[in-house]
Amino acid sequence: MDAERWTPSSWRSKPVAQAVDYPDVEDLASIRSRLTTLPPLVTPGEVERLRSQLVSVQSGQAFLLHAGDCAESFDACTHENISNKIGLILSFSLILIWGGRLPVVRIGRIAGQFAKPRSSKTEKLADGREVLSFRLLVSGDNVNSLDTNARVPDPQRLLSAYFYSATTINYIRSLLTSGFASLNHPRDWSLAHVRSPILKEEFERITEGLADALDFSRTIGAGDGMPFEKGGPKGVHGEVDFYTSHEGLMLDYEEALTRTFALPSALQQHQISNVPLIPGLQGEQISSLDGGSSRLQNSSATADQARTKQGFTGFYNTSAHFLWIGDRTRQLDGAHIEYFRGIRNPIGAKVGPSMRADELLKLVESMYLVTYIRFSDGLSVLNPDREPGRLTLITRYGAGKIEEHLPGHIAAVQQSGVPVIWVCDPMHGNTLTSASGLKTRNFSTIVSEVTSCLRIHSECNSKLNGVSLEFTGELSDDGFSVTECLGGSMELSEDELELRYQSFCDPRLNFEQSLDLAFLLSNHFKKERRGHSKADRHANLEAAFSSRR
């Protein structure tokens with residue numbers, strides 16, 4: 001990799017996995033040009049705030065919840081669906097906080113996660129016809145249509161994707177700044193439809209304890225006072241941070257929304273020698289941003305180390321706060337790695353059973369090669385420090401393969417010394433096909449992978465820092481949760497999958513199954529907080545699932 005020549009478009013010199021073949025390249029260029037003029041969807045200040053919170057996650061002082069749909073669609077962009085998704089994420093995080101007494105960093109697979117790679121460019125229909133696959137890249141139906149007669153890739157859908165993402169983000173911000181996330185009424189987070197008496201009772205126990213604590217705070221004068229709806233301040237009990245994310249597949253889209261911004265003023269005020277600004281190379285390199293002539297300087301005790309960060313700028317992907325590279329696009333010499341290594345955003349990388357330990361080592365090191373930041377005189381500087389919070393590894397092995405692969409991957413990263421955040425994705429490695437032909441997942445297998453992940457990290461002197469889940473708060477027209485995954489406390493069977501199977505992509509945990517998992521994790525963290533032995537905690541997590549029935 002050429003660390004001296006990174007630009008938002010340098011990925012174009014690399015092979016592109018999962019590339020979309022547009023028949024009208026001039027139309028694509030026109031849309032890409034239009035996207036470059038549209039306002040950012042997220043701000044540098046929000047990105048930097050997430051980076052700082054991920055440092056807490058990495059150090060074990062917070063927990064990461066990365067959750068949402070497998071893939072969004074334009075049609076699902078409704079206020080009911082968005083409210084239910086946010087409500088489920090808030091409910092899940094409240095349960096974790098109550099048990100673990102740790103802050104939860106919430107990153108949604110939303111407002112851009114309409115992207116899924118395909119194993120084949122074509123699919124065979126029931127009538128024998130072979131058509132182009134329905135591609136969900138970057139935002140909803142933004143490559144082609146679910147309609148089998150409209151599968152030719154259309155660049156105009158990229159523009160639609162931007163506006164659907166903007167609409168979703170706008171409504172999320174409106175919800176979160178108008179009291180929806182208030183701890184004073186968590187029962188409003190779409191729990192009314194839950195049929196399980198066990199879940200309702202457990203959640204009510206938390207909300208009642210929370211209400212007592214808030215009443216006590218108000219009594220001693222430490223509450224928020226007048227409600228937001230009556231003109232009062234938002235207060236700490238009514239506001240939460242929420243971040244958006246998607247898999248960065250469509251690099252034309254990502255490049256168009258990559259902008260150069262001055263770093264927020266709070267970061268500009270610190271000295272280079274005291275506060276590491278960006279991940280970088282071993283040794284300070286200074287090169288021109290246009291990839292022209294470059295020169296090396298000794299990184300030890302130079303005048304630059306005493307300079308403040310006045311005039312520093314960074315390349316921010318403004319389509320989302322957090323982006324990740326999928327298991328099918330993580331080629332070390334590929335376009336996606338090349339693009340991701342240069343953006344200022346915190347990033348993730350999927351790690352599956354096909355990744356060798358030496359490949360993982362090279363991957364994590366490549367993500368710390370360069371993030372350009374420049375002085376106002378046009379020179380860029382590469383900080384040699386590997387800053388925490390930059391890289392998240394999202395493991396997705398499958399319950400039957402995690403024992404074989406995770407210990408070696410942990411050892412490789414520990415040997416490298418590269419700081420990473422470890423997150424468990426128990427969904428993608430555990431997909432199966434039901435007798436009726438529907439893709440599904442078994443709740444017990446999902447729990448098994450999470451349990452094994454917690455135990456293996458503990459045995460390897462490491463720590464699981466978060467979970468990445470595909471779940472949904474969507475309801476059917478008759479007010480019931482979807483039926484896409486098997487099991488859970490309501491023991492959903494294969495015969496019931498077709499009742500309310502709404503996903504056009506991968507199966508998702510429904511509201512009840514999601515809360516089942518939230519309570520299992522919450523109880524695990526509670527035992528950990530109270531000093532139970534490691535062996536007891538892992539055994540209890542396995543036993544807790546059976547007892548919930």
Exercise. Is it the case that some residue within the range 164-174 is in a loop (DSSP other than H, G, I, E, B), at pLDDT 70 or above and farther than 21 Å from Thr483 by Cβ?
Worked result: no
Seminar exercise, completed: Restricted to the range 430-443 and to residues being at pLDDT below 95 and in contact with a helix residue (DSSP H, G or I) (Cβ under 8 Å, 6 or more places away or on another chain), the residue surrounded by the fewest Cβ atoms within 10 Å (Cβ to Cβ) is Ala435
Exercise. Somewhere in the range 43-65, is a residue open to solvent by less than 20 Å² (accessible area, probe 1.4 Å), among the hydrophobic types (A, V, I, L, M, F, W, C), closer than 22 Å to Met427 by Cβ and in a helix (DSSP H, G or I)?
Worked result: yes
For this session: For the range 14-24, indicate whether the set of residues that are over 18 Å from the mean Cα position of the chain (by Cα) and part of a helix (DSSP H, G or I) is non-empty.
Result: no
For this session: Please state which one of Gly400, Gly408 is open to solvent by 30 Å² or more (accessible area, probe 1.4 Å) and assigned to a loop (DSSP other than H, G, I, E, B).
Result: Gly400
For this session: Give the residues of the range 511-549 that are assigned to a helix (DSSP H, G or I), under 10 Å from Ser489 (Cα atoms) and at pLDDT below 60, sorted by residue number.
Result: Phe545, Ser546, Ser547
Problem set entry | Out of Val450, Val420, sole residue that is of a type outside the set (Lys, Arg), farther than 17 Å from Gly487 by Cα, touching a helix residue (DSSP H, G or I) at 6+ places or on another chain (Cβ under 8 Å) and crowded, with 22+ Cβ neighbours inside 10 Å | Val420
Exercise. Among the residues of the range 23-72 satisfying the criterion of being of a type in the set (Val, Ile, Thr) and touching a His at 6+ places or on another chain (Cβ under 6 Å), which is farthest from Leu391 (Cα to Cα)?
Worked result: Val42
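The values are calculated or read from the model by the stated rules, or taken from the named source; none is laboratory data. Keep in mind that this is a model prediction, so the values were computed, not measured. Neighbour counts are summed over all protein chains in view; Cβ atoms, including those assigned to glycine, are modelled from backbone coordinates with ideal geometry. Remember, those area values only see protein heavy atoms, side chains included, never the ligands or the DNA or RNA. Shrake-Rupley method; radii C 1.70, N 1.55, O 1.52, S 1.80 Å.
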